[in-house]
Amino acid sequence: MDPLFDFTGKVALVTGGSRGLGLQMVMALAERGADVIIASRKIDACREVAEQVRMLGRRSMAHAAHCGRWDEIDRLVEAAYGAFGRVDILINNAGMGPACPSHEVTEALFDSILNLNFKGPFRLASQVGHRMSQGDGGCIINLSSTASLHAAPGIVPYGSAKAAINLMSQSLAREYAPKVRVNTLVPGPFLTDISKAWTEEARESQPVALGRPGRPDEIVTAALMLASPASSYTTGATVQVDGGPR
């Protein structure tokens, strides 16, 4: 095991961990020694991933939670600490970004987008971050989006929520320092489930420096870097994994 990326004995909690970028990060951490708690709305999908983690010789737990609802987040936190006693790495990955013309956004849709992409991640990061700060410390990685950095039509509530995540990470990094590190990952266009709705051209080409969308496994190195204790002097950072400038 590379000592820079040895997570033996660490406990990671990953929301949205049953598919896409979340699944890639779950497996990357487990392959390097971490025990992992997988949370998403679909318990069967979480259980499948948890079994894959156990096959690697790690402990795991599947937990169903809507990560935009504070009561369900609080139950997730209690379950995680009840089963493992601590969380060393939190990856706030659950989110959604439905496209809709701004003048057609309903209040229910607006609330749903903000709840899952900002309100829920804030609750989870603040509750786990506080516990980390009272214990042995830890690190939090919040997933944002390039929509938080570049103006785009049709996804205004989503981009705004993700912009809030960027500032939230910096603020929590100050609030829970020095024992807790909080950073942001900003993915660009990735070939996850959402890309099934793209055109064939979009799945082949993107207006970024590398000219293509990312493969889900290409999020792994950045996530491992931020999660590693070797990155002990990195906090409040915003790391773009987006194929380069547009």
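Values in this text are rule-based calculations from the coordinates and carry no lab data. These numbers were taken from a predicted model, which means no experiment stands behind them. Counting neighbours? That spans all protein chains shown, and the Cβs are built from the backbone with ideal geometry, glycine included.
For the chain, what is the per residue volume of the convex hull drawn over the alpha-carbon atoms, in cubic angstrom?
Values: hull volume 30.4 nm³, N = 246.
So the per-residue Cα hull volume is 123 Å³.
Considering helices alone, the calculated mean residue ellipticity of the chain at 222 nm is -12000 deg cm²/dmol, with DSSP H runs of length four and up weighted by -39500 (n - 2.57) and normalised per residue. Taking label positions 7 Å along the Cα-Cβ direction at both D6 and I194, the computed distance is 3.7 nm, reported to one decimal. In vacuum, with every alpha carbon of region 1-115 counted as one equal point scatterer, what does the Debye formula give for log10 I(q)/I(0) at q = 0.10, 0.21, 0.23 Å⁻¹? Two decimals, please. Once normalised to I(0) and log-transformed, intensities are -0.32, -1.07, -1.24.
Expressed as a fraction of 2.2 N^0.38 Å, the value expected for a compact globular protein of N residues, the C-alpha radius of gyration of region 134-190 is 1.29.
Using Cα pairs under 8 angstrom and six or more residues apart, how large is the relative contact order of region 1-117, in percent? Relative contact order here is 27 percent.
The mean sequence distance of close C-alpha pairs (under 8 Å, at least 6 residues apart), as a share of the length of region 50-159, puts its relative contact order at 33 percent. Based on Cα contacts under 8 Å between residues 6+ apart, region 135-215 shows a relative contact order of 31 percent.
Net length available on complete extension from D44 to Q170 is 41.9 nm, with 0.36 nm assigned per residue and the Cα-Cα distance removed.
Could you list log10 I(q)/I(0) for region 145-245 at q = 0.11, 0.19, 0.25 Å⁻¹, which the Debye formula gives when each Cα is one point scatterer? Debye intensities relative to I(0), on a log10 scale: -0.39, -1.01, -1.35. The Cα center of region 161-209 and the Cα center of region 109-142 differ in position by 15 Å. Only lysines eight or more places from K119 in sequence, or on another chain, were considered; those with a Cα closer than 25 Å are K42, K162, K179.
Put +1 on the Cβ of each Lys and Arg and -1 on the Cβ of each Asp and Glu in the chain; which of L23, G211, V36 then has its Cα farthest toward the positive end of the dipole? With unit charges placed on the Cβ atoms, the residue in question is V36. What you get for the chain, charging only the Cβ of Lys and Arg (+1) and of Asp and Glu (-1), is a dipole of about 380 debye around the Cα centre.
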